[in-house]
Amino acid sequence: MSAFKFCSELKIGQSKVAQGQPTYIIAEAGVNHNGKMELAYQLVDVAVDAGANAVKFQLFHTEELILQDVEKAPYQQGDAADEESQYQMLKGLEISIENCRELKAYCEKKGITFLVTPFDIVSLAELKNLGLDALKISSTDLTNTMFLQQAASFGIPVILSTGMSEKSEVERALATIQPVNNQVVLLQCTSSYPAPESQIQLSVINRYKQDYQVLVGYSDHSVGIGVSPYAVAAGAMLIEKHFTLDKSLPGPDHQASLSPEELKEFVVQIRQVDMMMGDGIKAVQLCEEQNRKALQKSLVASCFIGRGELFTSENLVAKRTGGAGISSVHSSQILGLRASADFAPGELIDV
(Lines give C-alpha, C1' and ligand atoms only; values in the text may rest on other atoms or scores of the structure.)
Protein backbone atom coordinates (compact mmCIF):
# COMPACT_ATOMS: atom_id res chain seq x y z
CA MET A 1 0.00 0.00 0.00
CA SER A 2 1.26 3.46 -0.92
CA ALA A 3 2.72 5.62 1.84
CA PHE A 4 1.38 8.62 -0.08
CA LYS A 5 -2.18 9.83 -0.45
CA PHE A 6 -2.78 12.94 -2.50
CA CYS A 7 -6.12 14.41 -3.57
CA SER A 8 -7.90 12.59 -6.40
CA GLU A 9 -9.33 15.79 -7.86
CA LEU A 10 -8.22 19.41 -7.91
CA LYS A 11 -9.24 22.61 -9.64
CA ILE A 12 -7.01 24.94 -11.65
CA GLY A 13 -8.87 28.03 -12.74
CA GLN A 14 -12.25 26.95 -14.07
CA SER A 15 -11.18 23.39 -14.92
CA LYS A 16 -10.80 20.21 -12.91
CA VAL A 17 -7.91 17.79 -13.07
CA ALA A 18 -9.21 14.32 -12.30
CA GLN A 19 -9.86 10.89 -13.76
CA GLY A 20 -12.66 11.16 -16.30
CA GLN A 21 -12.23 14.92 -16.84
CA PRO A 22 -11.00 16.36 -20.16
CA THR A 23 -7.21 16.54 -20.22
CA TYR A 24 -5.88 19.79 -18.77
CA ILE A 25 -3.69 21.35 -21.48
CA ILE A 26 -0.95 23.85 -20.62
CA ALA A 27 0.48 25.77 -23.54
CA GLU A 28 4.06 26.41 -22.41
CA ALA A 29 5.19 29.84 -23.63
CA GLY A 30 8.26 29.61 -21.41
CA VAL A 31 10.83 32.16 -22.57
CA ASN A 32 9.66 32.21 -26.19
CA HIS A 33 8.71 35.88 -25.75
CA ASN A 34 12.45 36.63 -26.01
CA GLY A 35 12.09 39.17 -23.20
CA LYS A 36 9.57 41.26 -25.16
CA MET A 37 6.11 41.84 -23.72
CA GLU A 38 4.51 42.37 -27.12
CA LEU A 39 5.52 38.82 -28.04
CA ALA A 40 4.26 37.54 -24.67
CA TYR A 41 0.81 38.97 -25.34
CA GLN A 42 0.80 37.38 -28.78
CA LEU A 43 1.69 34.03 -27.23
CA VAL A 44 -1.33 34.34 -24.93
CA ASP A 45 -3.54 35.00 -27.95
CA VAL A 46 -2.20 31.92 -29.72
CA ALA A 47 -2.86 29.73 -26.67
CA VAL A 48 -6.41 31.08 -26.41
CA ASP A 49 -7.04 30.50 -30.10
CA ALA A 50 -5.78 26.92 -29.82
CA GLY A 51 -8.16 26.15 -26.95
CA ALA A 52 -5.59 25.44 -24.23
CA ASN A 53 -6.70 25.55 -20.59
CA ALA A 54 -3.69 27.57 -19.49
CA VAL A 55 -0.67 29.43 -20.81
CA LYS A 56 2.53 29.28 -18.78
CA PHE A 57 5.55 31.56 -18.57
CA GLN A 58 8.82 31.42 -16.60
CA LEU A 59 10.00 33.82 -13.92
CA PHE A 60 13.62 34.07 -12.83
CA HIS A 61 16.31 36.47 -11.70
CA THR A 62 19.36 35.30 -13.59
CA GLU A 63 21.77 36.26 -10.82
CA GLU A 64 19.75 34.14 -8.38
CA LEU A 65 19.54 31.20 -10.77
CA ILE A 66 23.01 30.61 -12.16
CA LEU A 67 26.71 31.42 -11.80
CA GLN A 68 28.01 33.76 -14.46
CA ASP A 69 30.51 31.43 -16.11
CA VAL A 70 28.26 28.38 -16.61
CA GLU A 71 28.15 27.16 -20.20
CA LYS A 72 24.88 26.68 -22.03
CA ALA A 73 23.17 23.31 -21.94
CA PRO A 74 23.75 21.35 -25.20
CA TYR A 75 20.26 22.12 -26.58
CA GLN A 76 20.77 25.85 -25.90
CA GLN A 77 23.94 26.11 -27.97
CA GLY A 78 23.77 27.75 -31.36
CA ASP A 79 26.54 27.80 -33.94
CA ALA A 80 30.19 27.22 -33.06
CA ALA A 81 30.88 30.96 -32.99
CA ASP A 82 28.34 31.50 -30.23
CA GLU A 83 30.38 32.26 -27.10
CA GLU A 84 27.49 33.65 -25.06
CA SER A 85 27.24 32.06 -21.60
CA GLN A 86 24.03 30.59 -20.22
CA TYR A 87 23.93 33.56 -17.81
CA GLN A 88 24.07 36.06 -20.66
CA MET A 89 21.44 34.19 -22.64
CA LEU A 90 19.02 33.99 -19.69
CA LYS A 91 19.52 37.65 -18.79
CA GLY A 92 18.01 38.59 -22.13
CA LEU A 93 14.98 36.35 -21.55
CA GLU A 94 13.83 37.74 -18.19
CA ILE A 95 10.43 39.18 -17.49
CA SER A 96 9.59 40.85 -14.17
CA ILE A 97 6.95 40.15 -11.55
CA GLU A 98 5.23 43.31 -12.78
CA ASN A 99 5.18 41.80 -16.27
CA CYS A 100 3.63 38.66 -14.80
CA ARG A 101 0.94 40.72 -13.14
CA GLU A 102 0.15 42.39 -16.46
CA LEU A 103 0.08 39.07 -18.30
CA LYS A 104 -2.19 37.56 -15.64
CA ALA A 105 -4.67 40.42 -16.07
CA TYR A 106 -4.53 39.96 -19.84
CA CYS A 107 -5.14 36.21 -19.49
CA GLU A 108 -8.14 36.85 -17.23
CA LYS A 109 -9.54 39.18 -19.87
CA LYS A 110 -9.00 36.52 -22.54
CA GLY A 111 -10.48 33.69 -20.47
CA ILE A 112 -7.38 31.54 -20.08
CA THR A 113 -5.54 30.58 -16.88
CA PHE A 114 -2.15 32.19 -16.32
CA LEU A 115 0.57 29.97 -14.84
CA VAL A 116 4.22 30.54 -14.01
CA THR A 117 7.26 28.40 -13.31
CA PRO A 118 9.62 30.17 -10.87
CA PHE A 119 13.27 29.15 -11.10
CA ASP A 120 14.78 30.72 -7.98
CA ILE A 121 13.74 31.40 -4.41
CA VAL A 122 13.40 35.16 -4.95
CA SER A 123 11.06 34.66 -7.91
CA LEU A 124 9.08 32.10 -5.93
CA ALA A 125 8.60 34.58 -3.09
CA GLU A 126 7.48 37.26 -5.56
CA LEU A 127 4.69 34.96 -6.78
CA LYS A 128 3.27 34.45 -3.28
CA ASN A 129 0.73 37.26 -3.60
CA LEU A 130 0.04 37.10 -7.32
CA GLY A 131 -3.11 35.02 -6.87
CA LEU A 132 -2.02 32.08 -9.01
CA ASP A 133 -4.37 29.12 -9.48
CA ALA A 134 -1.47 26.64 -9.40
CA LEU A 135 2.31 26.61 -9.23
CA LYS A 136 4.47 24.73 -11.71
CA ILE A 137 7.81 23.40 -10.44
CA SER A 138 10.39 22.51 -13.05
CA SER A 139 12.39 19.29 -13.08
CA THR A 140 15.46 21.37 -12.24
CA ASP A 141 14.02 22.00 -8.75
CA LEU A 142 12.79 18.48 -8.00
CA THR A 143 15.80 17.97 -5.74
CA ASN A 144 15.71 21.51 -4.31
CA THR A 145 14.16 20.67 -0.93
CA MET A 146 14.02 24.20 0.48
CA PHE A 147 12.38 25.43 -2.72
CA LEU A 148 9.79 22.63 -2.61
CA GLN A 149 8.94 23.39 1.02
CA GLN A 150 8.32 27.04 0.20
CA ALA A 151 6.28 26.21 -2.91
CA ALA A 152 4.12 23.71 -1.03
CA SER A 153 3.33 26.33 1.62
CA PHE A 154 1.43 28.45 -0.93
CA GLY A 155 -1.53 26.09 -0.44
CA ILE A 156 -2.36 25.96 -4.15
CA PRO A 157 -1.99 22.98 -6.52
CA VAL A 158 1.62 22.05 -7.28
CA ILE A 159 2.44 20.70 -10.73
CA LEU A 160 5.76 18.91 -10.40
CA SER A 161 7.90 17.73 -13.32
CA THR A 162 10.23 14.78 -12.76
CA GLY A 163 12.77 14.93 -15.58
CA MET A 164 16.41 14.00 -14.88
CA SER A 165 15.44 12.17 -11.69
CA GLU A 166 15.58 8.82 -9.96
CA LYS A 167 12.63 7.15 -8.23
CA SER A 168 14.11 7.91 -4.81
CA GLU A 169 14.34 11.60 -5.66
CA VAL A 170 10.71 11.70 -6.78
CA GLU A 171 9.66 10.06 -3.51
CA ARG A 172 11.75 12.50 -1.48
CA ALA A 173 10.10 15.43 -3.28
CA LEU A 174 6.61 14.06 -2.65
CA ALA A 175 7.47 13.41 1.00
CA THR A 176 8.59 17.05 1.27
CA ILE A 177 5.38 18.43 -0.21
CA GLN A 178 2.72 16.12 1.25
CA PRO A 179 2.80 17.20 4.92
CA VAL A 180 1.64 20.71 3.97
CA ASN A 181 -0.05 20.28 0.59
CA ASN A 182 -1.85 17.26 -0.88
CA GLN A 183 -2.79 19.00 -4.13
CA VAL A 184 -0.18 17.61 -6.51
CA VAL A 185 -0.02 16.68 -10.19
CA LEU A 186 3.10 14.62 -10.86
CA LEU A 187 4.43 14.82 -14.42
CA GLN A 188 6.50 12.21 -16.16
CA CYS A 189 9.14 14.05 -18.17
CA THR A 190 12.26 13.27 -20.16
CA SER A 191 14.42 16.41 -20.03
CA SER A 192 16.04 16.26 -23.43
CA TYR A 193 15.28 18.65 -26.27
CA PRO A 194 13.99 16.85 -28.19
CA ALA A 195 13.36 13.71 -26.14
CA PRO A 196 14.15 10.49 -28.07
CA GLU A 197 11.07 8.32 -28.51
CA SER A 198 12.93 5.31 -27.10
CA GLN A 199 13.44 7.17 -23.80
CA ILE A 200 9.96 8.64 -23.25
CA GLN A 201 8.94 6.03 -20.62
CA LEU A 202 5.17 6.47 -20.83
CA SER A 203 4.69 3.46 -18.57
CA VAL A 204 5.99 5.61 -15.69
CA ILE A 205 2.68 7.52 -15.81
CA ASN A 206 0.69 4.54 -14.60
CA ARG A 207 3.48 3.57 -12.19
CA TYR A 208 3.26 6.99 -10.55
CA LYS A 209 -0.50 6.61 -10.18
CA GLN A 210 -0.17 3.18 -8.59
CA ASP A 211 2.81 3.90 -6.35
CA TYR A 212 1.94 7.35 -5.07
CA GLN A 213 -1.87 7.67 -5.26
CA VAL A 214 -1.40 10.96 -7.09
CA LEU A 215 -2.82 12.78 -10.10
CA VAL A 216 -0.49 12.28 -13.05
CA GLY A 217 0.43 14.10 -16.22
CA TYR A 218 3.11 14.44 -18.87
CA SER A 219 5.54 17.22 -19.73
CA ASP A 220 6.20 16.70 -23.44
CA HIS A 221 9.56 17.44 -25.03
CA SER A 222 9.12 15.07 -27.98
CA VAL A 223 9.28 16.25 -31.60
CA GLY A 224 6.19 17.97 -33.01
CA ILE A 225 2.76 16.97 -31.71
CA GLY A 226 4.61 13.87 -30.67
CA VAL A 227 3.86 11.74 -27.66
CA SER A 228 1.16 13.65 -25.78
CA PRO A 229 -1.93 11.96 -27.32
CA TYR A 230 -0.40 8.59 -26.38
CA ALA A 231 0.35 9.92 -22.89
CA VAL A 232 -3.34 10.75 -22.44
CA ALA A 233 -4.23 7.19 -23.46
CA ALA A 234 -1.64 5.99 -20.93
CA GLY A 235 -3.39 7.87 -18.12
CA ALA A 236 -2.06 11.44 -18.16
CA MET A 237 -4.65 13.94 -16.91
CA LEU A 238 -2.55 17.05 -17.58
CA ILE A 239 -0.26 17.80 -20.52
CA GLU A 240 2.15 20.64 -21.12
CA LYS A 241 3.91 21.46 -24.38
CA HIS A 242 6.13 24.30 -25.55
CA PHE A 243 4.90 26.54 -28.38
CA THR A 244 6.22 29.57 -30.20
CA LEU A 245 5.10 32.26 -32.60
CA ASP A 246 7.83 31.36 -35.07
CA LYS A 247 10.32 28.50 -34.94
CA SER A 248 12.94 30.61 -36.73
CA LEU A 249 13.13 33.23 -33.95
CA PRO A 250 16.43 33.40 -32.04
CA GLY A 251 16.42 31.74 -28.64
CA PRO A 252 16.95 28.34 -27.02
CA ASP A 253 13.44 26.87 -27.22
CA HIS A 254 11.82 28.05 -30.46
CA GLN A 255 13.02 25.27 -32.74
CA ALA A 256 11.77 22.51 -30.42
CA SER A 257 8.39 24.20 -29.88
CA LEU A 258 5.08 23.88 -31.70
CA SER A 259 4.05 26.49 -34.22
CA PRO A 260 0.64 28.18 -33.70
CA GLU A 261 -0.88 25.84 -36.29
CA GLU A 262 0.69 22.79 -34.65
CA LEU A 263 -0.57 23.89 -31.23
CA LYS A 264 -4.11 24.00 -32.60
CA GLU A 265 -3.76 20.49 -34.02
CA PHE A 266 -2.14 19.36 -30.76
CA VAL A 267 -5.24 20.41 -28.80
CA VAL A 268 -7.55 18.84 -31.41
CA GLN A 269 -5.77 15.50 -31.20
CA ILE A 270 -5.81 15.43 -27.40
CA ARG A 271 -9.53 16.25 -27.36
CA GLN A 272 -10.08 13.38 -29.81
CA VAL A 273 -8.29 11.02 -27.43
CA ASP A 274 -10.37 12.41 -24.53
CA MET A 275 -13.50 11.52 -26.48
CA MET A 276 -12.19 8.04 -27.31
CA MET A 277 -11.24 7.35 -23.68
CA GLY A 278 -14.88 7.60 -22.57
CA ASP A 279 -15.97 7.24 -18.95
CA GLY A 280 -14.14 4.02 -18.10
CA ILE A 281 -17.37 2.10 -17.50
CA LYS A 282 -17.78 -1.02 -19.63
CA ALA A 283 -21.31 -1.06 -21.03
CA VAL A 284 -23.13 -1.74 -24.31
CA GLN A 285 -22.65 1.32 -26.48
CA LEU A 286 -25.50 2.91 -28.43
CA CYS A 287 -23.86 1.97 -31.72
CA GLU A 288 -23.69 -1.68 -30.61
CA GLU A 289 -27.31 -2.21 -29.60
CA GLN A 290 -28.65 -3.39 -32.95
CA ASN A 291 -25.58 -5.58 -33.56
CA ARG A 292 -25.99 -7.09 -30.10
CA LYS A 293 -29.58 -8.02 -30.96
CA ALA A 294 -28.59 -9.47 -34.32
CA LEU A 295 -25.39 -11.27 -33.35
CA GLN A 296 -25.59 -12.53 -29.78
CA LYS A 297 -27.04 -16.01 -29.26
CA SER A 298 -30.03 -17.54 -27.50
CA LEU A 299 -30.93 -21.12 -26.56
CA VAL A 300 -32.76 -23.36 -29.05
CA ALA A 301 -33.45 -27.08 -29.24
CA SER A 302 -30.74 -28.99 -31.12
CA CYS A 303 -33.10 -31.98 -31.50
CA PHE A 304 -36.62 -32.92 -30.52
CA ILE A 305 -37.16 -32.42 -26.79
CA GLY A 306 -40.22 -34.06 -25.24
CA ARG A 307 -42.30 -32.57 -22.47
CA GLY A 308 -40.75 -33.46 -19.10
CA GLU A 309 -37.37 -34.27 -20.62
CA LEU A 310 -34.29 -32.75 -18.96
CA PHE A 311 -32.51 -29.92 -20.75
CA THR A 312 -28.88 -30.99 -21.36
CA SER A 313 -25.84 -29.77 -23.26
CA GLU A 314 -26.72 -32.44 -25.86
CA ASN A 315 -30.24 -31.21 -26.64
CA LEU A 316 -29.61 -27.46 -26.33
CA VAL A 317 -27.54 -25.24 -28.62
CA ALA A 318 -26.85 -21.49 -28.81
CA LYS A 319 -27.75 -19.79 -32.10
CA ARG A 320 -28.39 -16.30 -33.39
CA THR A 321 -32.13 -15.63 -33.11
CA GLY A 322 -32.36 -11.90 -33.81
CA GLY A 323 -32.56 -11.22 -30.10
CA ALA A 324 -35.51 -13.49 -29.33
CA GLY A 325 -35.53 -16.14 -26.63
CA ILE A 326 -33.37 -16.82 -23.59
CA SER A 327 -29.79 -15.60 -23.88
CA SER A 328 -27.19 -18.34 -23.80
CA VAL A 329 -25.61 -16.51 -20.86
CA HIS A 330 -28.34 -18.16 -18.75
CA SER A 331 -27.55 -21.72 -19.92
CA SER A 332 -26.31 -22.83 -16.50
CA GLN A 333 -29.72 -21.95 -15.03
CA ILE A 334 -31.61 -23.90 -17.75
CA LEU A 335 -29.54 -27.10 -17.81
CA GLY A 336 -31.15 -29.73 -15.59
CA LEU A 337 -34.65 -28.24 -15.73
CA ARG A 338 -37.46 -30.27 -17.30
CA ALA A 339 -39.13 -29.14 -20.50
CA SER A 340 -42.60 -27.69 -19.92
CA ALA A 341 -43.65 -28.58 -23.48
CA ASP A 342 -42.45 -30.34 -26.61
CA PHE A 343 -39.72 -28.47 -28.55
CA ALA A 344 -38.98 -29.15 -32.21
CA PRO A 345 -35.39 -28.86 -33.51
CA GLY A 346 -34.51 -25.19 -33.87
CA GLU A 347 -37.38 -24.03 -31.69
CA LEU A 348 -36.70 -21.30 -29.12
CA ILE A 349 -36.50 -22.63 -25.59
CA ASP A 350 -39.10 -21.31 -23.18
CA VAL A 351 -39.36 -22.26 -19.52
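Structure values in brief
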{"item": "Eligible aspartates and glutamates near residue 319 by straight Cα distance, threshold 17 Å, same-chain separation 8 or greater", "result": "347, 350"}
{"item": "Solvent exposure ordering (accessible area, 1.4 Å, most first) of 211, 253", "result": "211, 253"}
{"item": "Euclidean distance between Cα centres, segment 315-351 to segment 10-38, Å", "result": "58"}
{"item": "Radius of gyration and maximum dimension Dmax of segment 99-256, Cα, Å", "result": "15.7, 45"}
{"item": "Student exercise, the chain dipole from Lys, Arg, Asp, Glu Cβ charges, in Debye to nearest 20", "result": "1700"}
{"item": "Calculated FRET value between residue 295 and residue 342, using beta carbons and R₀ = 30 Å, to 0.05", "result": "0.55"}
{"item": "Rounded if a/c under 1.5, otherwise prolate or oblate - segment 81-167, Cα gyration tensor axes", "result": "oblate"}
{"item": "Segment 132-202: proportion of alpha-carbon pairs further apart than 17 angstrom, %", "result": "39"}
{"item": "Across 16/128; 36/136; 5/109; 11/167; 167/247, pairs whose alpha-carbon gap is larger than 31 Å", "result": "5/109; 167/247"}
{"item": "Sequence-distant residues sharing a close amide H with residue 223 (under 5 Å, placed H)", "result": "195"}
{"item": "Packing-based order for 200-208, 43-51, using average beta carbon neighbours within 10 Å, highest first", "result": "43-51, 200-208"}
{"item": "Spatial separation of Cα centroids for segment 86-115 and segment 234-268, in angstrom", "result": "17"}
{"item": "Cα point-scatterer Debye curve for the chain, base-10 log of I(q)/I(0) at q = 0.09, 0.10, 0.16 Å⁻¹", "result": "-0.57, -0.64, -1.40"}
{"item": "Cα-based helix-to-principal-axis angle, 37-50 vs the chain, degrees rounded to 10", "result": "10"}
{"item": "Helix-only mean residue ellipticity at 222 nm for the chain, each DSSP H run of n ≥ 4 adding -39500 (n - 2.57), per residue, nearest 500", "result": "-8500 deg cm²/dmol"}
{"item": "Net charge dipole size for segment 145-297 [Lys, Arg +1 and Asp, Glu -1 on Cβ; Debye, nearest 20]", "result": "560"}
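The values are calculated or read from the model by the stated rules, or taken from the named source; none is laboratory data. In this text, all values refer to a predicted model and were calculated from it rather than measured experimentally. Positions of Cβ are backbone-derived with ideal geometry, glycine not excepted, and every protein chain shown enters the neighbour counts. Please note that ligands, DNA and RNA were not included when accessible areas were found on the heavy atoms of the full protein model with its side chains. Shrake-Rupley method; radii C 1.70, N 1.55, O 1.52, S 1.80 Å.
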